[in-house]
Amino acid sequence: MNLEQALDLAARTLSAARYRHTLGVAALAEDVARKHGLNLEKARLAALVHDLAKEIPIEYQLRLAKRWQILQYPEDEQAPAVLHGPLAAYWLKKYYGLQDEEVLAAVAHHTLGYPGMSPLEMLIYSADLVEPNRNFPNVDSLRQALYDNIEQGTLACVEHTLNYLKQGKRMIHPITRLTHEDLQRRFKFGAK
């Protein structure tokens with residue numbers, strides 16, 4: 001799958017609002033990738049396809065996740081909206097022949113994060129949260145943190161998400177907790 005095919009697929013699959021968000025994620029991901037010397041094509045590709053399964057009705061996402069054996073935790077069924085990343089990655093690999101494992105991991109892990117994320121995975125996770133169309137308190141500082149340092153910026157994004165979930169008394173997925181712990185360790189060791 002090349003960038004033109006990914007853009008066409010996103011345009012045909014997503015609503016206008018979700019497509020606008022996707023283009024924002026792609027622009028930010030490409031810009032941050034350029035700043036940090038990451039592969040621009042992979043950053044843009046992962047960003048363009050990250051939300052392909054987002055607008056599939058939740059009940060159908062859950063059925064697909066069961067059929068494709070994507071469910072790993074009870075929380076996956078309790079909050080099936082987190083399944084759209086792994087579903088999109090599976091769909092892209094099986095039905096569109098996308099073989100780039102780094103891009104597939106970035107798509108699969110963009111919602112919950114994942115322990116041991118690569119720089120591309122961290123980039124897509126964070127760009128999804130702070131893309132230019134997003135407007136919430138401290139979004140600019142989160143965006144700047146990502147430009148300054150991908151690991152530290154991603155840690156700040158995960159902490160923002162954890163605080164948001166706690167304040168709303170929402171479930172926190174164990175993968176997000178493990179991601180947070182992993183990034184804290186990385187930053188602590190990298191700071192020494």
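The values are calculated or read from the model by the stated rules, or taken from the named source; none is laboratory data. If you're wondering where the values come from, they're calculated on a predicted model, not measured in any experiment. A quick note on method: Cβ atoms are made from the backbone with ideal geometry, for glycine too, and the neighbour counts reach across all protein chains shown. Accessible surface is based on the protein model in full, side chains and every heavy atom, while ligands, DNA and RNA are left aside. Shrake-Rupley method; radii C 1.70, N 1.55, O 1.52, S 1.80 Å.
Worth pointing out:
- Span-like helix ranges in the chain, DSSP H, alpha carbon extent 20 angstrom or more, Kyte mean at least -1.0: 16-36, 150-167, 174-191
- Seen from all directions on average, region 97-192 presents a Cα convex hull projection of 6.9 nm².
- Legend: residue pairs Lys35/Lys94; Lys66/Lys94; Lys54/Lys94; Lys93/Lys188, Cα-Cα distance threshold 24 Å; pairs beyond threshold, Lys35/Lys94; Lys93/Lys188.
- Dividing the Cα radius of gyration of the chain by 2.2 N^0.38 Å, with N the residue count, gives 0.97.
- Shape descriptor for region 83-123: Rg over Rh equals 0.96 (Cα atoms; Rh from the Kirkwood inverse mean 1/r).
- Segments 110-122, 11-23 sorted - mean Cβ within 10 Å per residue, highest first: 110-122, 11-23
- Over the chain, dividing the summed -39,500 (n - 2.57) contributions of all DSSP H runs of at least 4 residues by the number of residues returns a 222 nm mean residue ellipticity of -22000 deg cm²/dmol.
- The chain, relative contact order in percent, only Cα pairs under 8 angstrom and at least six apart counted: 20 percent
- Per residue, the accessible area of region 1-129 comes to 46 Å², computed with a 1.4 Å probe over protein heavy atoms only.
- Accessible surface of the chain [probe 1.4 Å, protein heavy atoms]: carbon and sulfur percent: 50 percent
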